Amino acid sequence: MDTLFGFLYSRWRRKLRERRDESCIWGPGGTMTGASLGLRQEVVDPCSYTHRMEGSSSKICIYLVGFFTVNKEDDFDSIGLHFDARYLKNSYVAPTNWGTLYNASATSDFSSSVTVFTDPCKNFAFPPPPPGDTRQIGPRPCPVCYVPVEQAIARIPKFPSPSPVLYHLTYFSEENSLKTQPNGGSEFGGYPSLKQRNESFEIKESMTVHCGFVKGCRPGYKTAFDIDVADLELLEKFHEVIVASAIFGTAAHKLNFKFKISLSGNYDVIQQPSNIGEIAKRNVPFFMFIDEETETYMKNMSTLGSDKMVGLWRVIVVHNVPYTDSRRNGKVCLLLPKTRYSIWIDGKLQLVVDPYQVLERFLWRHNATYAISRHYRRFDVFEEAEANKAGMKYDNTSIDRQIEFYKREGLTPYTTAKLPISSDVPEGCVIIREHVPITNLLSCLWFNEVDRFTSRDQLSFSTVRDKVADKVNWGVNMFLDCERRNFVIQAYLKKVLADVEKTRDLVRGDDAEIPKLGKFSSIDSCYTADEELYSVFGLLFGMDWI
């Protein structure tokens, strides 16, 4: 065992040296310069630990420490964004004594006659960063200015936002779809041809596009991704605002089989929202989509009763899921709810800010209809593709095929010439939308790319966004990732590492010294449960064991 880990450790050190030589220059204090767009990344230098730690198990610990990088997001001047994100978690709620700015109906559930004269957060400034010795490892949240809940509700627009060019959107429905081209999608998606795909980017006043659920005229009823009639009727009711999430429970069983590790239940544990106001509790449904496997687990754990409520979450059980890939199944959820505004959050994230405040901050304040955070470190699709290949997130051949296809269509590396577009790589774990025809079209076209190519949705987002934006005067609010981390939090990786500790007999030995989890508690990502576990184990061993 010691020989094996010695080999793996030396392999990792060799790869690290190669990466240093190819892409970066090391400076004082472990800082790495030369990253894309002038971003500086601080990496824990594993060389400084080797003289203090011996044995194969210690080398594994070194790898875990050295693998995670710190994104400071503190050198945005080169792309026109003056920002420093080296802060402790904090948010700012503007004062409430602005009675002159709003009419008296601001505290009602939904005011329709509100006049806003000024932006109470326009003078909000980030505090100075903390001293260097208090910096945490990993990406961190930064302060965000929210208006009070009552004022956020008062700012709900009276009328829907205009949908440029596109006014009427319908969807293909056909009982027997035939696959006519290789890599043409799935039966659930209807196998759209390349011609149909290209035509779907030609924005017109009235359009009919593929958007999943092709086997019926009622999505969720005998179409695959089937939902009980009572639940379907609930989803079909119009809602002003919803929060939606999903848990599909395949990751635990895959790893249980591959690694023969005893891990407790489903990895995505339902996270209860906090700091939710009473108005949101009364008026905003929180829908949690789960599959039958997760339902069985929750019933066995006595966490799901006949009312299908788990705290604020109303559980929606999905039968006959169309994909074995949980990422693709998760994208289907984005096509369902009938609502004016929605906030989608990944199943492992906990919402810690009232949904009205989130909507006001990222949509209404910017007159935006679609908001998504950009990746905390990467801005370029080509870099994202290479990172996915290095992390064994998907079949490399399929990733290369997708990127080559996009290159032939005109995809180029991200540069400052694309400003005001600030990134080509999103973090898809949080999506904030107003449901108007143009944003519904974007959701459908993005789903179609995930259905046709790889499920790595970060690779296809910019292609869909840019093709739509080229035809109409419309754009996406891509806000800072540290701002996303302010209103959703994730403790998931800490749980993964805790489960890894339980496997010390397998990879470390009983007498190995285990590092404190607090060292890693601030590290999180937007990846799904199975991807995080694949990263921890797959990258740990430096090869595809899955």
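The values are calculated or read from the model by the stated rules, or taken from the named source; none is laboratory data. All of these numbers come straight from a predicted model, not from anything done at the bench. Glycine also receives a Cβ, built like all others from the backbone with ideal geometry; neighbour counts cover every protein chain displayed. Heavy atoms of the whole protein, side chains included, go into the accessibility calculation; ligands, DNA and RNA do not. Shrake-Rupley method; radii C 1.70, N 1.55, O 1.52, S 1.80 Å.
One residue stands out among those in segment 198-226 that are touching a residue at least 60 places away in the same chain (Cβ under 8 Å) and more than 28 Å from His319 (Cα to Cα): the one that is surrounded by the most Cβ atoms within 10 Å (Cβ to Cβ), which is Ser200. The set of residues from segment 187-215 being in contact with a Leu (Cβ under 8 Å, 6 or more places away or on another chain), closer than 13 Å to Phe172 by Cα and assigned to a loop (DSSP other than H, G, I, E, B) comprises Tyr191, Ser200, Cys211, Gly212, Phe213. Listed conditions (1) open to solvent by less than 20 Å² (accessible area, probe 1.4 Å); (2) under 19 Å from the mean Cα position of the chain (by Cα); (3) modelled with pLDDT of 95 or more are all met by Leu441, apart from (2).
Residue under question is Val284, and the condition is that it be open to solvent by less than 30 Å² (accessible area, probe 1.4 Å) and more than 30 Å from Glu150 (Cβ to Cβ); does it hold? So Val284 does not fit the description; no. Within segment 149-161, is even one residue touching a residue at least 60 places away in the same chain (Cβ under 8 Å) and either within 30 Å of His319 (Cβ to Cβ) or in a strand (DSSP E or B) (or both)? No. For first residues located in segment 270-295 and touching a residue at least 12 places away in the same chain (Cβ under 8 Å) and among the charged types (D, E, K, R), partners that are open to solvent by 10 Å² or more (accessible area, probe 1.4 Å) and in a loop (DSSP other than H, G, I, E, B) and lie 6+ apart or on another chain with Cβ distances below 6 Å form the pairs Asp291/Phe248; Asp291/Val321.
Evaluated against (1) touching a Lys or Arg at 6+ places or on another chain (Cβ under 8 Å); (2) at pLDDT below 95, Asp325 falls short on exactly one condition, (1).
Identify the single condition in (1) surrounded by 15 or more Cβ atoms within 10 Å (Cβ to Cβ); (2) modelled with pLDDT of 95 or more; (3) in contact with an Asp or Glu (Cβ under 9 Å, 6 or more places away or on another chain); (4) within 16 Å of Cys444 (Cβ to Cβ) that Tyr167 does not satisfy, given that it satisfies every other one. Failing condition for Tyr167: (1).
Against the conditions (1) surrounded by fewer than 18 Cβ atoms within 10 Å (Cβ to Cβ); (2) modelled with pLDDT of 95 or more, Ser302 satisfies every one except (2). Only one of the numbered conditions (1) of a type outside the set (A, V, I, L, M, F, W, C); (2) free of Cβ contacts under 8 Å to residues at least 60 places away in the same chain; (3) at negative phi; (4) part of a loop (DSSP other than H, G, I, E, B) is violated by Lys299, and that is (4).
Looking only at residues of segment 170-184 that are in a loop (DSSP other than H, G, I, E, B) and polar (S, T, N, Q), we find that the one that is most open to solvent (accessible area, probe 1.4 Å) is Asn176. Against the condition among the hydrophobic types (A, V, I, L, M, F, W, C), open to solvent by less than 40 Å² (accessible area, probe 1.4 Å), within 17 Å of Ile203 (Cα to Cα) and not in a helix (DSSP H, G or I), how does Trp474 come out, does it pass? Yes, satisfied. Across segment 283-311, what is the number of residues that are of a type outside the set (S, T, N, Q) and within 21 Å of the chain's Cα centre (by Cα)? Total meeting the criteria: 7. Within segment 461-493, no residue satisfies the criterion of being among the small types (Gly, Ala, Ser) and within 14 Å of the chain's Cα centre (by Cα).
Report yes if some residue within segment 229-242 is open to solvent by less than 20 Å² (accessible area, probe 1.4 Å), in contact with a Cys (Cβ under 9 Å, 6 or more places away or on another chain) and modelled with pLDDT of 95 or more; otherwise report no.
no
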